[in-house]
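Rule-based calculations on the coordinates, nothing more; no lab input. None of the values given here were measured: they were computed from a predicted structure. No Cβ is skipped: glycine too gets one built from the backbone with ideal geometry, and neighbour counts run over all protein chains shown.
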Amino acid sequence: MKLFTIGYGGRMPDDLITRLTAAGVRTVADVRLRPDRASMGVYVKAKTPDKGIERLFTAAGIGYRSLPELGNVFLEYEDWRERYAAFVQCAGHLLVTRLDGLEPPLCLLCAERRVAECHRLMVAEFLAARGAEVEHLE
C-alpha cells in the first residue's frame with residue numbers, strides 16, 4: 001500500500017490540492033483530534049460536507065474521511081511523542097482499521113506542516129512497519 005502524509009499548516013488551499021493531486025492521492029484521512037477547530041475556515045470540518053475541508057477535497061475529486069481516533073490526545077503534554085508512540089504501539093492495530101476500505105492511495109493529513117513535529121509520523125511509521133510504502137509530502 002502506498003501512503004502519503006501532509007500537513008496543511010501555512011499552506012494555501014491551492015498548494016495543498018496541487019501537492020495531493022500530483023502525488024495521485026485519492027483519499028485524505030484527516031488524523032486531527034479536533035478537525036472542527038482549524039484556524040483557517042477552509043480547513044475546518046464543517047457540519048455539512050458542502051463547506052470547509054470536505055468541500056475543498058470534493059471539488060478536487062479527492063475523498064475525505066475524518067479519523068479523530070488517530071488524533072494526538074497527548075498534545076498538551078511535554079512528552080507527547082513518547083505517550084503517543086506508546087498509544088500507537090498498544091492500540092495501533094485497532095485504530096488503523098478505519099483506513100481499510102478507503103480508496104488508495106491514501107494521505108494522512110494534519111495541521112502541523114513539518115512531519116517531524118507531528119504525530120502523523122508515528123502513524124505512518126506504524127503502517128510502514130506493516131508493509132506500507134510511505135512518502136511525506138513536505
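If R₀ is 41 angstrom, what is the calculated FRET efficiency for the pair M40 and M1, using the beta carbon separation as r and rounding to 0.05?
With a Förster radius of 41 Å, E is 0.85.
Compute the acute angle (0 to 90°) between the alpha-carbon long axis of helix 80-95 and the principal axis of greatest extent of the alpha-carbon atoms of the chain; round to the nearest 10°.
Approximately 80 degrees, to the nearest ten.
Would you work out the relative contact order for the stretch 2-136, in percent, from Cα pairs under 8 angstrom that are 6 or more residues apart? It would help to have the intermediate numbers written out before the result.
Numbers: 206 pairs, mean separation 58.2, N = 135.
Relative contact order comes out at 43 percent.
Quickly work out the L137-to-R83 label distance, labels modelled 7 Å from Cα along the C-beta direction, and quote it in nm with one decimal.
Calculated label separation equals 3.0 nm.
Please give me the summed charge of the neighbours of E135: other residues whose Cβ is under 14 Å from its Cβ, Lys and Arg +1, Asp and Glu -1. Walk me through the numbers before you get to the answer.
Values: positive: K2, R19, R120; negative: E125, E133, E138.
Residues near E135 contribute 0 overall.
Considering only DSSP states other than H, G, I, E and B, which chymotrypsin sites (Phe, Trp or Tyr not before Pro) in the stretch 1-83 qualify as loop sites with at most 15 other Cβ atoms within 10 Å?
Working: sites: F4, Y8, Y43, F57, Y64, F74, Y77, W80; in loops: Y8, F74, Y77.
Hits after loop and neighbour filter: Y77.
Which log10 I(q)/I(0) values does the stretch 1-107 give at q = 0.14, 0.20, 0.24 Å⁻¹ under the Debye formula, counting every alpha carbon as one identical point scatterer?
Once normalised to I(0) and log-transformed, intensities are -0.59, -1.14, -1.41.
Residues with beta-carbon under 14 Å from that of G41, excluding G41: net charge, scoring Lys, Arg +1 and Asp, Glu -1? Can you show the working numbers first?
Details: positive: R37, K45, K47, K51, R55; negative: D36, D50, E54.
Residues near G41 contribute +2 overall.
Mind checking the stretch 34-138 for trypsin sites (Lys or Arg not before Pro) that DSSP puts in a loop (not H, G, I, E or B) and that have at most 12 other Cβ atoms within 10 Å?
Numbers: sites: R37, K45, K47, K51, R55, R65, R81, R83, R98, R113, R114, R120, R130; in loops: R37, K45, K47, K51, R113, R114, R130.
Passing sites in the stretch 34-138 are R37, K47, R114, R130.
For the stretch 20-72, place one equal point scatterer on every Cα, skip the solvent, and apply the Debye formula. What is log10 of I(q)/I(0) at q = 0.13, 0.17, 0.27, 0.31 Å⁻¹?
The calculated log intensity ratios at q = 0.13, 0.17, 0.27, 0.31 Å⁻¹ are -0.29, -0.49, -1.10, -1.24.
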